[in-house]
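The values are calculated or read from the model by the stated rules, or taken from the named source; none is laboratory data. Values in this document were obtained by computation on a predicted structure and should not be read as measured data. As a convention, Cβ positions derive from the backbone with ideal geometry for all residues, glycine included, and neighbour counts pool all protein chains shown.
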Amino acid sequence: MESSLCQTLEIGQVLDLLFRKLGYDKKIREQQAMFWWNEVVGEHVAAHAQPTQIDNGKMSVVVSDSIWLTELNLLRMQYIAKINEKLGALILKDIDFKIGKVNKTSERIPLRRIEINEDYGKKLEGIELGPEELRIINQTVADVEDEELGEILKQIFTNQRKSIKLKN
């Protein structure tokens with residue numbers, strides 16, 4: 001039986017499908033806009049302006065003083081265009097700059113990208129789950145009405161269990 005479950009999907013693909021099914025994709029894309037802020041504006045600007053939230057395509061950014069407020073208001077459309085280009089879609093519609101406390105770079109929670117070893121997926125494929133483990137996974141997703149979502153969750157739980165076995 002060949003199905004989408006038999007295909008190896010990257011976790012990003014699985015989560016993308018899951019969040020789309022649950023209706024969270026727009027909110028996630030908005031959060032990605034905040035993630036791209038520092039790269040788009042550069043270190044110097046990021047030291048004086050940082051995003052605090054985004055809602056319905058409008059990002060709120062706190063700036064250190066009125067000089068930065070004026071400067072960034074002039075660059076608003078340029079930043080919107082660059083962030084949307086990074087996102088590959090029109091997600092960010094406006095930026096609202098306000099004067100406030102900007103945390104020092106060292107006080108901020110660092111955002112990081114996770115590097116995945118390409119061999120990891122191959123290692124997971126080589127791990128077999130026992131009948132009891134498969135029964136528990138199938139039972140866990142049995143009540144999911146959406147068949148595609150059920151398959152995605154089954155793939156997540158299967159890979160999670162295989163990852164645990166790989167670590168042990």
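What to note about this one:
- Screening region 86-104 for residues that are at pLDDT below 95 and among the charged types (D, E, K, R) and picking the one that is surrounded by the most Cβ atoms within 10 Å (Cβ to Cβ) gives LYS86.
- Residue match in region 109-131 (condition: within 20 Å of ARG29 (Cα to Cα) and at pLDDT 80 or above): no
- When residues in region 128-145 are screened for being surrounded by 15 or more Cβ atoms within 10 Å (Cβ to Cβ) and either more than 12 Å from THR158 (Cβ to Cβ) or of a type in the set (Lys, Arg) (or both), 1 of them pass.
- When region 11-40 is limited to residues that are closer than 25 Å to LYS162 by Cα and β-branched (Val, Ile, Thr), the one that is modelled with the highest pLDDT turns out to be VAL14.
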